[in-house]
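The values are calculated or read from the model by the stated rules, or taken from the named source; none is laboratory data. These figures come from a predicted structure and were not determined experimentally. Note that each Cβ is placed from the backbone with ideal geometry, even for glycine, and that neighbours are counted across all protein chains shown.
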Amino acid sequence: MSIASILTEKVFADRRREDWEKLDELTSKAQDLGVRKVASDEIVELLPLYRAVCHDLAAARAARYSAPLLDYLLGLTAAAHTVVYGPHARDSEDGRERRIRHAWLVAFPQTVRRFRLAMLLSAALFFVPFALGCVMALRDPSFAFRIVPEATLRPLTEGYAQGFGAGRQAGEGALMAGFYIYNNVGIALRCFALGIFGGIGSAFYLVHNGLSIGATLGYVASQGAGENIVTFIVSHGSLELGAIVLAGGSGLSIGWSLVAPGDLPRLVSLQRRAREILVVVAGAAVMLVGAAAIEAFWSASSAPRDVKLAVGGSLFVLVTLYLLIAGRTTEDESPSKRAS
């Protein structure tokens, strides 16, 4: 190995050694006492440590670091793998429930906050064009025709003008739920997947969708049906639009891992970031399914406007608090945060 390679390996090992030693300590404790006798907060800490060290092993192999370091990391991941995925883990219903709770109550909101810069940029790329499209269409309704086909906007406006006093016909809700899931999940997946092009694809799709949705809202409002469309959107908007922003932020993060891979090869950087951000994409998909159910069965129902506004406002507060607060009790100790 060259002197430069040796120095790079030393910097890498020094930066990650604290997590390796912690994983070794927790793994040894689980092997000595048994997983079921280890405190739940330590098991919660072990899982992200294991994933992070797996990424370190892949990076060390790609960089062709020395055999002693590779052997150490291989032994560490093998021992942790036995603890995480051994028969006791598969057979324990309590273990499965614990992992599910950890994913939703800790991993998802923590990962959103860890990549908060990408998420905030995604929100700006979506909501600034959204506001611009809405204002421009309110001032000049013909502006919306440059963004969304007139053949789409006019029937949509007629539908909202009628209101939702009669609700939907029996069976129509299930049909619309399927359509909403297909449409919304498709939008979110494109916002995420196009991030592979250095994040440019995600940025474009966020701006395009924000401008389109804003122009549609502004045009419908300019035709006198603004109250109806806002009443319709408010119940599911925090989930649906929030999920699109999270998916877009995930795509931007994926793109940045290629643009600025740090001391990792680009492919390894991409693979590592994809594993880290996957929980956000999965969470966004679940949010979209929930939004589709609300949109199909509640948003178009004959429920009073004030009730829908109250439900929508409450859901917005709950989603915001969840993303800002959930999992904070263990976040400072999260290895993924230290490794970022």
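Only one of the numbered conditions (1) within 19 Å of the chain's Cα centre (by Cα); (2) touching a residue at least 40 places away in the same chain (Cβ under 8 Å) is not met by ARG273, and that is (2).
Tell me the residue from GLY249, GLY199, GLY255 that is within 19 Å of VAL319 (Cβ to Cβ), within 21 Å of the chain's Cα centre (by Cα), modelled with pLDDT of 90 or more and buried (at least 21 other Cβ atoms within 10 Å of the Cβ), please. Don't jump to the end; show me each part of the working.
Details: GLY199 fails: within 19 Å of VAL319 (Cβ to Cβ); GLY255 fails: within 19 Å of VAL319 (Cβ to Cβ).
Going through GLY249, GLY199, GLY255 in turn, the sole match is GLY249.
For region 61-93, filtering for residues that are modelled with pLDDT under 70 and surrounded by 11 or more Cβ atoms within 10 Å (Cβ to Cβ) leaves 5. Can LEU132 be described as part of a helix (DSSP H, G or I), modelled with pLDDT of 90 or more and out of contact with any Ser or Thr (no Cβ under 8 Å at 6 or more places or on another chain)? In short, yes.
When region 287-311 is filtered for residues that are touching a residue at least 12 places away in the same chain (Cβ under 8 Å), over 25 Å from LEU189 (Cβ atoms) and assigned to a helix (DSSP H, G or I), the ones remaining, listed by number, are ARG305, LYS308, LEU309, VAL311.
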